[in-house]
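Only one structure is covered here, and it is reproduced in the block below.
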Amino acid sequence: MTDSRSATEPAARRLLTLTGLLLVALNLRPALTSVSPVLTRIGHDLGLASAGQGLLTTLPVLCLGLAAPLAPRLARRAGPERAVLLVLIALALAILGRPYSGEAGMFIGTALAGGCIGVLGVLLPGLVKRDFPNNVSVMTGLYTMSLCLGASLAAGATEPLRLVFSGAWRPALAFWLVLAVIAAVAWIAQMHAVRKPAAPSGGPRRVHRDPLAWQITAFMGLQSSLAYTVFGWLPTILSDRGMAAVSAGLALSVSILVQLASAIIAPAIGARMRDQRAVLTTVMLTTLIGLGGCLYAPIGSIWFWVVVLGLGQGGTFSMALTLLALRAPNAETAAELSGMAQGVGYVLAALGPLAVGLIHQFFGSWSAVGVLVGLIGLAAIAAGLGAGRDRLVTAHH
């Protein structure tokens, strides 16, 4: 049984497993957040207008959702450990190749990177539940922190890396394959050191007939839409408002880094409450206030507003993950709900960055974007009021 294995496995082996999981989680955002600090330069060199740049930020998010259903099939054929390793290798190759393959290669490589991240995002929570069944909440917090740390590193360091590479954005983007290579090496080490239990068998459980599952999916998708809008466009917005490029990238990095605090605090509070509607509403309103400040407040106060934004978005993301566990009666239903929420949710999320690019190109300013993010936030609150009720998702075989 998994529980007995976890209890008796030597601490050194469990630490190796934990290290591998966290290093893989570190790779779930850099391929995405490294683009936005140099997006304007990419657009200039590749001849991409705002709409094209918006598509470049949208494509990986869309592929996150489209690729998510492939994860269970790949895990069944190759085994979850080998599946993770294969996808890490593909991610490293995509990150390496996309900056040097012209306009088409940039889009194809970005799409492939997004697909790889989508598969990893579905595989890792299942491995966490299997290998650390008695510490799922703690591990989910560590997993979220590692993910946010990777996102922050890439957002803050890509523009300085471009300066180190004599102003060239291509090697600055390709640099992030280093994280994937390190994770792959650590993953191979823990694969050889730890004997893994067989995955439980059983027929698929269907949750798509339950309205609560769709409310959770909607909240996941809508909060992700705002998150990827920030990942893709915040440095460009701040640069257009007068910030230096390095400072704009650093502002995004700070905002993501702040998420570490609320990613731990929000679920801890929410799990102790009878339902999570108040927490979900609070973190989403905080996100909208932070976004409003970044769009409209005086540029001298931006550092305050990116912190507010980060606190809000760390809470919305971690609460979206927490709902997957709180609303599922068992691990099998949680896995099915996770696949649905990420698959459908990330496809929905992809519309946000694309719409921002189209709106900016049509109006020629960022002011109108505030209306869009406000509507998305209000829709997320409505979904959260349904998803936050003290109910359980019903699955059908």
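Laid out as a table, the results:
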quantity: Ala92, sole failed condition from (1) free of Cβ contacts under 8 Å to residues at least 24 places away in the same chain; (2) under 17 Å from Arg29 (Cα atoms); (3) of a type in the set (Gly, Ala, Ser); calculated: (1)
quantity: Residue tally, condition surrounded by 24 or more Cβ atoms within 10 Å (Cβ to Cβ) and at pLDDT 85 or above, over segment 202-216; calculated: 2
quantity: Extreme residue, surrounded by the most Cβ atoms within 10 Å (Cβ to Cβ), among residues of segment 9-44 that are among the basic types (Lys, Arg) and at pLDDT below 90; calculated: Arg14
quantity: Every pair of residues 6+ apart whose Cβ atoms lie under 7 Å, when the first sits in segment 77-89 and is more than 11 Å from Met191 (Cα to Cα) while the second is at pLDDT 90 or above and surrounded by fewer than 19 Cβ atoms within 10 Å (Cβ to Cβ); calculated: Ala78/Leu86
quantity: Any pair with Cβ under 7 angstrom, 6 or more apart, that starts in segment 275-295 at a residue that is within 15 Å of Leu372 (Cβ to Cβ) and ends at one that is surrounded by fewer than 18 Cβ atoms within 10 Å (Cβ to Cβ) and among the small types (Gly, Ala, Ser); calculated: Leu288/Gly374; Gly292/Gly370; Leu295/Gly370
quantity: Test: Ile188 is part of a helix (DSSP H, G or I), farther than 21 Å from Ala31 by Cα, modelled with pLDDT of 90 or more and not small (Gly, Ala, Ser); calculated: yes
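Conditions (1) closer than 14 Å to Ala183 by Cβ; (2) in contact with a Gly (Cβ under 6 Å, 6 or more places away or on another chain); (3) modelled with pLDDT of 85 or more; (4) surrounded by 22 or more Cβ atoms within 10 Å (Cβ to Cβ), marked per residue:
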| site | (1), (2), (3), (4) |
| --- | --- |
| Leu62 | no, no, yes, yes |
| Pro69 | no, yes, no, no |
| Arg77 | no, no, yes, no |
| Val84 | yes, no, yes, yes |
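The values are calculated or read from the model by the stated rules, or taken from the named source; none is laboratory data. All figures in this text were calculated on a predicted structure; none of them were measured in a lab. Neighbour counts run over all protein chains shown; Cβ positions are idealised from the backbone, glycine included.
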